[in-house]
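See below for the structure under consideration.
The values are calculated or read from the model by the stated rules, or taken from the named source; none is laboratory data. These figures come from a predicted structure and were not determined experimentally. Please note: Cβ atoms are built from the backbone with ideal geometry, for glycine as well, and neighbour counts cover all protein chains shown.
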Amino acid sequence: MKPLRDAFGEELVSLGGQHPELVVVTADIAWSSRVEWFAATYPDRYFQVGIAEQNMMSVAAGLATTGKIVFATTLAVFATRRVVDQIAISIAYPQLNVKIFGTLTGLYASKTGATHQAFEDVAIMRALPNMTIVEPGDERDVRRLLREVVEMKGPVYFRVASVTGPDLFDDSYRPSLGRAEVLRTGADVTLIGTGIMTGRALDAARMLGSAGIEATVLHVHTIKPIDVQAIVAAAARTKAVVTVENHRIIGGLGSAVAEVLSENCPVRLRRLGMPDIFGESGSDDDLTEKYGFSAQHIAEATRQLLATLPS
């Protein structure tokens, strides 16, 4: 296993060889985004704008108008929170072919704390028309989905954690944007994850299984457009749903699933992720434990939800 952003950097170099129109723009942080490898391979297709993220999005928009496939890359907080107006007006509104890459997502921001923890980036990008949002769960997911993203037209927010995650898929895996993946089936509860949290949801499902609770696990790698049919089908079978995400529970995966279920299949729902607070600096292990991001916490929260259902 390798950090997901490493898989992104490697695959981007490979795709650069297949697509001569692919270019990269970055705002100072080439190493954290792993686009330094693209820069070394294709220096004439790499543009370093410095610590000027708003300008980076304008440059990306301009390049896209010339027929380029543009990757605008930086940390997730700077790729969304700092530049939302430029994205909305210069990229999303004209539906330009700009792929926005954000790393150091959610809780895991290398001890930089609240200023660098992107807990609202999905909420921001979900609110923008024409924007596709993708959050891969493992190395193969990153590589396969990145190929899909390069082939599609229009703006994309590609959200990738800086940490490793367990392997979810084998070499036969062929994802499709907008389609959720069923990783496990069970009749008692549905666990819905995205990004690195899907692996933890799967671990939680195994823990629950040892206690006689059978869980369906859905991996939602495309948060927008979300797979309404798969979510409704799973909820109808199990009557209870738990969402898990490396994001604030306001506006992210949990909110998207709540919208789907309230309109199509009302069932009991528990959203797990960051509550309505800012984070703090700390080691990955300490933060995971404090904020309940572990498989054990997911399993216990699921048991508590099931205990409230009518027998």
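Does residue 109 satisfy the criteria of being over 12 Å from the mean Cα position of the chain (by Cα) and in a loop (DSSP other than H, G, I, E, B)? Don't jump to the end; show me each part of the working.
On the way: over 12 Å from the mean Cα position of the chain (by Cα): yes; in a loop (DSSP other than H, G, I, E, B): yes.
Yes.
With the checklist (1) under 19 Å from residue 36 (Cα atoms); (2) modelled with pLDDT of 95 or more; (3) hydroxyl-bearing (Ser, Thr, Tyr) in hand, flag the one item residue 103 doesn't pass.
That leaves (2) as the condition not met.
Hey, can you tell me all the residues within segment 70-89 that are surrounded by 22 or more Cβ atoms within 10 Å (Cβ to Cβ) and more than 21 Å from residue 117 (Cα to Cα)?
Residues satisfying the conditions are 70, 71.
Quick one: what pairs do we get from segment 162-179, first residue closer than 16 Å to residue 148 by Cα, second in a loop (DSSP other than H, G, I, E, B), C-beta under 6 Å, 6+ apart or different chains?
Pairs found: 178/225; 179/227.
Which one of these is buried (at least 20 other Cβ atoms within 10 Å of the Cβ), assigned to a loop (DSSP other than H, G, I, E, B) and touching a residue at least 12 places away in the same chain (Cβ under 8 Å): 254, 195?
On the way: 254 fails: assigned to a loop (DSSP other than H, G, I, E, B).
Of the residues listed, the single one that is buried (at least 20 other Cβ atoms within 10 Å of the Cβ), assigned to a loop (DSSP other than H, G, I, E, B) and touching a residue at least 12 places away in the same chain (Cβ under 8 Å) is 195.
Pull up segment 11-35, narrow it to residues that are among the acidic types (Asp, Glu) and buried (at least 17 other Cβ atoms within 10 Å of the Cβ), then point me to the one that is nearest to residue 75 (Cα to Cα).
Residues of segment 11-35 that are among the acidic types (Asp, Glu), as a first pass: 11, 21, 28.
Still in the running and buried (at least 17 other Cβ atoms within 10 Å of the Cβ): 11, 28.
Numbers: 11: 18, 28: 10 Å.
Checking each candidate, the answer is 28.
Tell me the helices (runs of 4 or more DSSP H) entirely within segment 1-93 that contain at least 1 residues that are farther than 22 Å from residue 148 by Cβ.
Details: elements: 4-18, 30-33, 36-41, 53-64, 76-80.
The helices (runs of 4 or more DSSP H) meeting that bar are 30-33, 36-41, 53-64, 76-80.
What do you reckon, is residue 245 charged (D, E, K, R), at pLDDT 95 or above, surrounded by fewer than 18 Cβ atoms within 10 Å (Cβ to Cβ) and outside the structural domain of residue 126 (by TED's automatic domain parsing)? Walk me through it before giving the result.
Details: charged (D, E, K, R): yes; at pLDDT 95 or above: yes; surrounded by fewer than 18 Cβ atoms within 10 Å (Cβ to Cβ): no; outside the structural domain of residue 126 (by TED's automatic domain parsing): yes.
No.
Could you check residue 271 against (1) crowded, with 18+ Cβ neighbours inside 10 Å; (2) over 24 Å from residue 173 (Cβ atoms); (3) in contact with a helix residue (DSSP H, G or I) (Cβ under 6 Å, 6 or more places away or on another chain); (4) in contact (Cβ under 8 Å) with a residue 40 or more places away in the chain and say which number it fails?
Among (1) crowded, with 18+ Cβ neighbours inside 10 Å; (2) over 24 Å from residue 173 (Cβ atoms); (3) in contact with a helix residue (DSSP H, G or I) (Cβ under 6 Å, 6 or more places away or on another chain); (4) in contact (Cβ under 8 Å) with a residue 40 or more places away in the chain, the lone unmet condition for residue 271 is (4).
Which count do you get for residues in segment 11-33 that are free of Cβ contacts under 8 Å to residues at least 60 places away in the same chain and either aliphatic (A, V, I, L, M) or within 23 Å of residue 137 (Cα to Cα) (or both)?
Looking only at that region, the number is 10.
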